[in-house]
Amino acid sequence: MPKPSKVQLFHTCIINEVYPEVGLAVVNVLERLGIAVEVPLNQTCCGQPAFNGGFHADARKVARLTVDILSATEGPIIIPSGSCGDMLTHQYHMLFADEPDYLEKSHALSKRCHEFSMFLVDVLGIRDLGAHLRAPGPGVDSPKAAYHPSCHLLRGLGAKSQPQALLANVGGLACAEVKDQEECCGFGGMFSVKNAAISGAMLENKMRNLEASGAETVISCDMGCLLHLAGGLHRKGSKLAVKHLAQVLDEGMQGP
Amino acid sequence: MSHFLDRVETALRDPDLKTALGRATERLGSRRSASLDSLPDSDAVRDMARRAKLGLLRDLAGNLETFEKNLIKNGIQVHWAEDGAAANRIMVEIAKSRGCKRAVKSKSMATEETHLNHDLLEAGLEVLETDLGEYIVQLAETTPSHIILPIIHMTKESIGKVMHEKIKVPYTSDPEKLAKIARVKLREAFLSADLGITGANFGVVDSGALVLVSNEGNARLVTTLPRVHVAVMGIEKLVPSLSDLDLMIKILARSATGQKITTYTSLVTGPRREGESDGCQEMHVILLDNGRSRILGGPLAEILGCIRCGACLNACPVYKNVGGHAYGDTYPGPIGSIVTPGLRGIKAWKELPDASSLCGACREVCPVRLDIPRMLLELRKQAVEEASIPWALRIGLWGFGVAASRPWLYRAGAGLFRRASGLMAKSGWIHKLPGLAAGWTRSRDLKAPAPKSFQELWRQRPVRPAPAAAKEAAPVR
């Protein structure tokens with residue numbers, strides 16, 4: 001596809017309510033690439049919490065609004081979240097299996113939906129955004145960052161390399177090796193509350209592995225995972241920071 | 001707290017369990033990867049295996065009829081068991097009518113499912129498990145906690161303790177010594193048993209053969225030494241032909257233990273024939289339904305393609321943390337979370353499909369590419385429709401559905417939550433959430449909502465000139 005002049009942003013509920021700065025970072029990155037960003041107002045949520053809980057009828061109410069709002073727009077839809085991206089791209093077909101008109105609309109939408117990192121690498125063909133983080137100082141090693149692949153991004157959307165490729169080209173950033181890097185962090189939406197004990201154990205494993213990697217920052221493309229990780233790290237009093245990929249790229253593109 | 005959550009809490013508090021499971025699953029996972037790497041076109045093999053299994057399931061009844069005909073041609077007697085109790089009854093009848101008193105068993109998850117040993121003991125028969133892991137399970141009077149490695153949850157010290165206590169041998173935790181002790185006991189049993197009980201890894205339709213894979217050779221001894229052999233096989237364990245079997249054998253051991261093939265792969269095609277010197281005198285197969293035909297043709301039908309390799313257990317971060325007993329029934333792990341409610345009903349087992357973050361690691365490693373997350377989602381839908389769900393949860397999700405489908409209401413609700421969090425939060429973090437949400441703050445803090453939502457910030461954003469590049473892209477006419 002030739003570079004689009006304009007895209008729609010599906011900002012996701014977690015970014016909207018808790019991490020609006022991530023939404024702004026996404027916009028900044030895209031605008032610097034010469035792409036105008038429109039935000040369809042009145043978007044709420046993709047409906048995944050209800051869907052994952054088995055509450056399909058409730059999920060459909062929310063999904064219908066999302067489909068309506070997004071279908072009234074044109075062009076690529078950028079989603080800075082692996083789980084919401086997977087929901088819109090794949091799970092809506094399951095939700096609307098018995099509603100032909102919404103099924104058709106959701107098929108049309110799937111073709112337009114792109115997770116943020118996959119949009120940059122697969123659609124725009126860009127791996128190097130010319131991002132450089134400020135050097136810590138002479139003789140000091142570049143700060144290390146640990147990448148956490150969210151399960152829906154990695155396995156649901158099949159993004160095995162795009163975020164890593166983007167990070168590899170950020171100057172002044174070293175990538176840390178993380179043990180069991182692809183293992184689930186334990187968020188899983190409502191799983192984190194309904195099965196809090198298991199979620200906590202998985203979180204503990206993930207935090208231990210992240211801290212052992214020597215990284216100063218955890219970077220992911222999913223704010224669900226990061227909400228959960230940040231919460232656990234804060235409880236522990238950890239110094240590890242959490243950032244969305246877009247924030248790292250935005251910071252780096254502002255120049256050293 | 002429910003029984004399931006009780007079992008989970010117990011498991012999570014056991015550091016030895018965590019160590020044992022962590023070590024075993026890591027080892028099995030890396031061996032699996034390595035051995036699949038050594039199989040050319042492993043992806044294609046898995047795709048073909050899936051097609052073979054699911055294709056057969058589309059006409060399971062027809063295939064079972066053909067299988068039965070071929071079994072009978074081979075001199076094998078065929079019995080049909082609608083449920084576990086029926087299967088056990090048939091087994092006891094066969095044993096009694098043939099005057100069998102001592103049975104040796106090779107590992108069979110189907111007989112775990114029917115609780116066969118219990119009924120055999122009630123009927124006055126002696127039963128000895130001959131798979132080393134199952135033998136220890138039997139001594140310890142517990143149940144297997146993994147489909148392939150029954151005692152994955154035990155350390156060699158705890159195994160030594162069990163053997164010392166139950167069969168009065170001097171305590172040792174040396175695996176070789178323990179295996180030698182067991183071998184002596186098992187050999188005695190093999191030679192004196194009059195009934196051999198097995199499961200079946202596969203049933204080959206066009207040959208009327210049963211396939212048994214083992215590393216210890218016990219299946220071979222169980223099927224040939226005692227004069228009567230009875231196999232219990234789930235009706236879904238069929239493969240159409242030997243070339244399909246070849247596909248399965250290529251991926252089963254690789255997925256289960258990382259071996260290219262198990263030490264023994266036996267095709268059993270009937271009792272001892274005229275002039276043969278080895279083999280049982282009489283062979284039976286009990287074909288077990290126990291709810292499988294109910295799943296067929298429905299949204300969970302795919303689960304009947306499972307070849308019981310256990311790879312999903314080894315990949316599952318939930319299983320790795322809680323172990324098999326937490327699941328509360330015969331089959332643990334990702335497939336257990338589908339098979340148990342599928343066979344036994346969602347009402348009593350709705351917690352199992354919930355005990356997953358839907359990470360998809362299971363689907364990634366499944367040799368027949370079962371879409372386990374999709375089936376878990378399907379079961380969660382069934383649970384909401386048929387099982388009792390806490391009313392607070394129902395109301396909560398209903399409220400979510402109503403609010404998130406009405407932007408003004410959503411904004412109002414979010415605003416309320418923002419204000420409430422402002423009261424609960426300290427320096428932007430909430431340390432304790434009330435009610436149903438309390439689980440979150442058990443092990444995490446919650447970042448309080450931002451003072452302004454992204455949409456509010458966006459609306460207040462000064463209008464920017466369109467990016468220069470966008471102007472270039474505009475068509476010139």
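The values are calculated or read from the model by the stated rules, or taken from the named source; none is laboratory data. Note that the structure is a prediction, hence the values are computed from the model and not measured. Positions of Cβ are generated from backbone atoms using ideal geometry, with glycine treated the same way; all protein chains shown enter the neighbour counts.
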Flagged in the stretch A:93-139 as among the basic types (K, R) and not in a loop (DSSP other than H, G, I, E, B), in numbering order, are A:K105, A:K111, A:R112
Of those in the stretch B:406-461 that are in a strand (DSSP E or B) and not basic (K, R), the residue nearest to the chain's Cα centre (by Cα) is B:L446
Pairing a residue in the stretch B:407-430 that is hydroxyl-bearing (S, T, Y) with any residue that is surrounded by 17 or more Cβ atoms within 10 Å (Cβ to Cβ), where Cβ atoms lie under 7 Å and the two sit 6 or more apart in sequence or on different chains, gives B:Y410/A:T44; B:Y410/B:A403; B:Y410/B:A404; B:S421/B:I430; B:S421/B:A448; B:S421/B:P449
Would you check if there is a residue in the stretch A:1-19 being among the β-branched types (V, I, T), part of a loop (DSSP other than H, G, I, E, B) and more than 8 Å from chain B (Cβ to nearest Cβ)? yes
When restricted to A:G54, A:G85, A:G23, the only residue in a helix (DSSP H, G or I) and facing chain B (nearest Cβ under 10 Å) is A:G23
By residue number, the members of the stretch B:378-399 that are assigned to a helix (DSSP H, G or I), of a type outside the set (G, A, S) and more than 7 Å from chain A (Cβ to nearest Cβ) are B:E378, B:L379, B:Q382, B:E385, B:E386, B:W391, B:L393, B:R394, B:I395
With criteria (1) over 26 Å from A:S83 (Cβ atoms); (2) away from chain A (no Cβ under 14 Å); (3) assigned to a helix (DSSP H, G or I), B:K260 comes up short on (3)
Q. Do we find that B:P373 is within 10 Å of another protein chain (Cβ to nearest Cβ) and farther than 30 Å from B:R459 by Cβ in this structure?
A. yes
Just one listed residue, out of B:E216, B:E165, B:E176, is over 29 Å from B:G75 (Cα atoms), at pLDDT below 95 and not in a strand (DSSP E or B), and it is B:E176
Scanning the stretch B:342-370 for residues that are within 11 Å of another protein chain (Cβ to nearest Cβ) and either part of a loop (DSSP other than H, G, I, E, B) or within 26 Å of A:T44 (Cα to Cα) (or both) gives B:K350, B:D354, B:A355, B:S356, B:S357, B:L358, B:C359, B:G360
Of the residues in the stretch B:174-201 that are touching a helix residue (DSSP H, G or I) at 6+ places or on another chain (Cβ under 6 Å) and in contact (Cβ under 8 Å) with a residue 60 or more places away in the chain, the one that is farthest from B:T262 (Cα to Cα) is B:L195
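Residues checked against (1) charged (D, E, K, R); (2) loosely packed, with under 14 Cβ neighbours inside 10 Å; (3) within 14 Å of another protein chain (Cβ to nearest Cβ); (4) under 15 Å from the mean Cα position of the chain (by Cα):
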{"position": "A:D101", "(1), (2), (3), (4)": "yes, yes, no, no"}
{"position": "A:L109", "(1), (2), (3), (4)": "no, no, no, no"}
{"position": "A:L120", "(1), (2), (3), (4)": "no, no, no, yes"}
{"position": "A:A131", "(1), (2), (3), (4)": "no, no, no, no"}
{"position": "A:G137", "(1), (2), (3), (4)": "no, yes, no, no"}
{"position": "A:A159", "(1), (2), (3), (4)": "no, no, yes, yes"}
{"position": "A:A174", "(1), (2), (3), (4)": "no, no, no, no"}
{"position": "A:S192", "(1), (2), (3), (4)": "no, no, yes, no"}
Scanning the stretch A:219-253 for residues that are over 13 Å from the mean Cα position of the chain (by Cα), outside any helix (DSSP H, G or I) and either of a type in the set (D, E) or within 23 Å of A:E115 (Cβ to Cβ) (or both) gives A:A241
Of B:I147, B:I151, B:I159, the only residue that is within 26 Å of B:C316 (Cα to Cα), outside any helix (DSSP H, G or I) and free of Cβ contacts under 8 Å to residues at least 40 places away in the same chain is B:I151
For A:M253, the lone unmet condition from (1) surrounded by fewer than 23 Cβ atoms within 10 Å (Cβ to Cβ); (2) over 22 Å from A:A174 (Cβ atoms) is (2)
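So in the stretch A:143-157, with the set limited to residues that are more than 10 Å from chain B (Cβ to nearest Cβ) and not in a loop (DSSP other than H, G, I, E, B), which one is surrounded by the fewest Cβ atoms within 10 Å (Cβ to Cβ)?
Here the answer is A:K144.
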Note on the stretch A:207-218: residues under 18 Å from the mean Cα position of the chain (by Cα) and either surrounded by 24 or more Cβ atoms within 10 Å (Cβ to Cβ) or without any contact (Cβ under 8 Å) to a residue 40 or more places away in the chain (or both) are A:V218
Considering the stretch B:339-372, residues that are within 19 Å of A:S150 (Cα to Cα) and polar (S, T, N, Q), and then whichever is surrounded by the most Cβ atoms within 10 Å (Cβ to Cβ), we arrive at B:S356
Worksheet item: Within the stretch B:413-420, can one find any residue that is buried (at least 18 other Cβ atoms within 10 Å of the Cβ), more than 8 Å from chain A (Cβ to nearest Cβ) and not hydrophobic (A, V, I, L, M, F, W, C)?
Response: no
Note on B:C309: of the conditions (1) among the hydrophobic types (A, V, I, L, M, F, W, C); (2) under 18 Å from B:E112 (Cβ atoms); (3) not in a loop (DSSP other than H, G, I, E, B), unmet is (3)
